[in-house]
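Engineer: One structure, pasted below without further comment.
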Amino acid sequence: MTESQMKSAVQSFRTMDFQALKAKMEFMLDTHASDHITPTHTNLDADRPKSFYMKRKMVDEQQGTKMGKINWTQMGEVKNIVQVPGVVAATKEDEATILQLALRQSTDYKVVSADDSVGQKCLLITGIPTGYAGFSYPTKRESGLGASGASTALPMEVYYNVICIRAGGNTKLLSTYPASQSYIDSLGPGFIG
């Protein structure tokens, strides 16, 4: 695949309207294993960590106790609940928004060519848009368990968004997922857009 073919495939998604992107995302998530928005599994694949998105939001957190009303007439110690920055689960709508923002707002990106068993694909690397967070399970090696152990380490926050596009006559969106620096480094130089 040439550089111009790869960039042309990316451009076709950059100019697509949001509803069309949302429809593609929903179809993809309905027909693929839901590794992107399901944070409850462990990583058993040393080559590419499984990953998921979350939305940044203010969340309630208990920070000790304070004096307050227990009921209408009694005072006593009650939970001290404060709002702190946190993350909550992402939805299909959020993931479509992440994709749309990454395609429309990113000015510096990398396109990497790769071979797929059913045709050529390109990986568009962007940042994860503001308001969202990406998490990835470390590989077995990164978690310190060695090549033979299954990684059950907690996921870590990552800062790259990978958009996988099949290019050519049947250009289509295949996948999107957050990825770590080590994964991006393994992809090679690619082309900078």
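The values are calculated or read from the model by the stated rules, or taken from the named source; none is laboratory data. Predicted, not measured: the structure shown is a model, and the values here were computed from it. Here the Cβ is made from the backbone with ideal geometry for all residues, glycine too, and neighbour counts use every protein chain on show. Only protein heavy atoms, including side chains, enter the accessible area calculation; ligands, DNA and RNA are left aside. Shrake-Rupley method; radii C 1.70, N 1.55, O 1.52, S 1.80 Å.
Engineer: Could you please let me know if Lys79 is in a helix (DSSP H, G or I) and either at pLDDT below 85 or basic (Lys, Arg) (or both)?
Structural biologist: When the stated conditions are applied, Lys79 does not pass them.
Engineer: Among the residues of the range 135-171, write down those that are among the charged types (D, E, K, R) and modelled with pLDDT of 85 or more.
Structural biologist: Of everything in the range 135-171, just one residue is among the charged types (D, E, K, R) and modelled with pLDDT of 85 or more, namely Glu157.
Engineer: Any chance you could count how many residues in the range 167-187 are in contact with a Phe, Trp or Tyr (Cβ under 9 Å, 6 or more places away or on another chain), among the small types (Gly, Ala, Ser) and not in a strand (DSSP E or B)?
Structural biologist: Number of matching residues: 1.
Engineer: Looking at Lys121, is it among the charged types (D, E, K, R), modelled with pLDDT of 80 or more and open to solvent by less than 40 Å² (accessible area, probe 1.4 Å)? Give the steps one after another, and end with the answer.
Structural biologist: Values: among the charged types (D, E, K, R): yes; modelled with pLDDT of 80 or more: yes; open to solvent by less than 40 Å² (accessible area, probe 1.4 Å): yes.
Spelling it out, Lys121 is indeed among the charged types (D, E, K, R), modelled with pLDDT of 80 or more and open to solvent by less than 40 Å² (accessible area, probe 1.4 Å).
Engineer: Separate question: Out of all the residues in the range 4-15, which are in contact (Cβ under 8 Å) with a residue 12 or more places away in the chain and either out of contact with any Gly (no Cβ under 8 Å at 6 or more places or on another chain) or closer than 18 Å to Ile98 by Cα (or both)?
Structural biologist: Step one: of the range 4-15, the residues in contact (Cβ under 8 Å) with a residue 12 or more places away in the chain are 5-10, 12-14.
Of everything in the range 4-15, those that are in contact (Cβ under 8 Å) with a residue 12 or more places away in the chain and either out of contact with any Gly (no Cβ under 8 Å at 6 or more places or on another chain) or closer than 18 Å to Ile98 by Cα (or both) turn out to be Met6, Ser8, Val10, Ser12, Phe13, Arg14.
Engineer: A follow-up question, please. Output the qualifying pairs, or none if there are none: Cβ atoms under 8 angstrom, residues six or more apart or on different chains, first residue in the range 96-109 and in a loop (DSSP other than H, G, I, E, B), second residue of a type in the set (Gly, Ala, Ser).
Structural biologist: Ser106/Gly127; Asp108/Gly193; Tyr109/Gly193
Engineer: Also, quick follow-up: Only one residue in Ile81, Ile70 is within 30 Å of the chain's Cα centre (by Cα) and over 30 Å from Ser180 (Cβ atoms), so which one is that? Reasoning before the result, please.
Structural biologist: Numbers: Ile70 fails: within 30 Å of the chain's Cα centre (by Cα).
Going through Ile81, Ile70 in turn, the sole match is Ile81.
Engineer: Go through the range 1-27 and count every residue that is part of a loop (DSSP other than H, G, I, E, B), over 22 Å from the mean Cα position of the chain (by Cα) and among the polar types (S, T, N, Q). Spell out how you get there, then give the answer.
Structural biologist: Pass one, the range 1-27, residues part of a loop (DSSP other than H, G, I, E, B): 1-2, 15-17.
The next check asks that each one be over 22 Å from the mean Cα position of the chain (by Cα); those that pass are 1-2.
Within this subset, residues satisfying the condition of being among the polar types (S, T, N, Q) are 2.
Within the range 1-27, residues that are part of a loop (DSSP other than H, G, I, E, B), over 22 Å from the mean Cα position of the chain (by Cα) and among the polar types (S, T, N, Q) number 1.
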